[in-house]
Amino acid sequence: MAKSPAHWLMKSEPDAFSISDLRRKTTEHWDGVRNYQARNHMRSMQVGDRVLFYHSNAKPSGVAGLAEVSGLAVPDHTAWDPSNVHYDAASTPDNPRWWMVQVRFVAAFPRVFSLDDLRAVPALAGMELFRRSRLSVQAVTAQEFALIEELGKKGGSRK
């Protein structure tokens, strides 16, 4: 029996890489993650897993659209480039410390479904986002994903 796709929330600062950038490029590697739990999440991702694309450190911060995993985790080569902001001397091609997945653009929401919007939905009160706000790659439940997708596509209204 085929495994159902997992659901994730992945954060990016829109000044560095936004949902509009992903729409323009269609696919892109999600590089530069330097947190072990986030890295482990990416190493467990499968092609077809669904992603909430979250703009962090923005006004407003929130879910800007949808993506999906289109390529399995591979070593993050940006860790090996001393001129790259994500360089890590402890990571080598023979012993990579950091990984990245490829993501594909699915949709942009009419407006960012903000953190305040998310907090206002009682069914989302248990989201990891509210407990681990700094984690850049987080699991979300299928129910949380479906609700945010529905509300986000409508511009945030439940009407």
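Each value in this text was obtained by applying a stated rule to the coordinates, not by laboratory testing. All figures in this text were calculated on a predicted structure; none of them were measured in a lab. Every residue, glycine as well, gets a Cβ built from its backbone with ideal geometry; the counts of neighbours run over all protein chains shown.
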Item to complete: Grab the other residues whose beta carbon is less than 13 angstrom from that of residue 99, score K and R as +1, D and E as -1, and report the net.
Response: +1
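Take every Cα-Cα pair in segment 65-159 and report what % of them are more than 23 Å apart.
Numbers: 1903 of 4465 pairs.
Value for segment 65-159: 43 percent of Cα pairs lie more than 23 Å apart.
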Worksheet entry | GNM result for the chain, Cα springs below 10 Å: residue of 88, 76, 31 fluctuating most strongly | 88
Worksheet item: How do 130, 53 line up, fewest other C-beta atoms within 10 Å first?
Response: 130, 53
Fill in: Inter-part distance where segment 45-66 and segment 120-157 are each reduced to a Cα centre, Å
10 Å
Discussion item. I need the fraction of alpha carbon pairs in the chain separated by more than 29 Å, rounded to a whole percent.
Written reply: 16 percent
Worksheet item: Projected onto the charge dipole of the chain (+1 at Lys/Arg Cβ, -1 at Asp/Glu Cβ, origin at the Cα centre), which of 98, 35, 66 gives the Cα projection farthest towards the positive end?
Response: 66
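Explain nothing, just the number: dipole magnitude of the chain about its Cα centre with +1 on each Lys and Arg Cβ and -1 on each Asp and Glu Cβ, in debye rounded to the nearest 20.
The calculation lands at about 520 debye.
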Worksheet item: For helix 142-153, what angle does its Cα long axis make with the longest principal axis of the chain, in degrees from 0 to 90 and rounded to 10?
Response: 70 degrees
Worksheet, complete the sentence: Dimensionless Rg/Rh of segment 1-63, both radii on Cα and Rh by Kirkwood, sits at 0.98
Fill in: Rel. contact order, % - alpha carbon contacts under 8 angstrom, at least six apart, the chain
30 percent
Worksheet item: Where is the GNM fluctuation largest for the chain (alpha-carbon springs, 10 angstrom cutoff): 14, 110, 75?
Response: 110
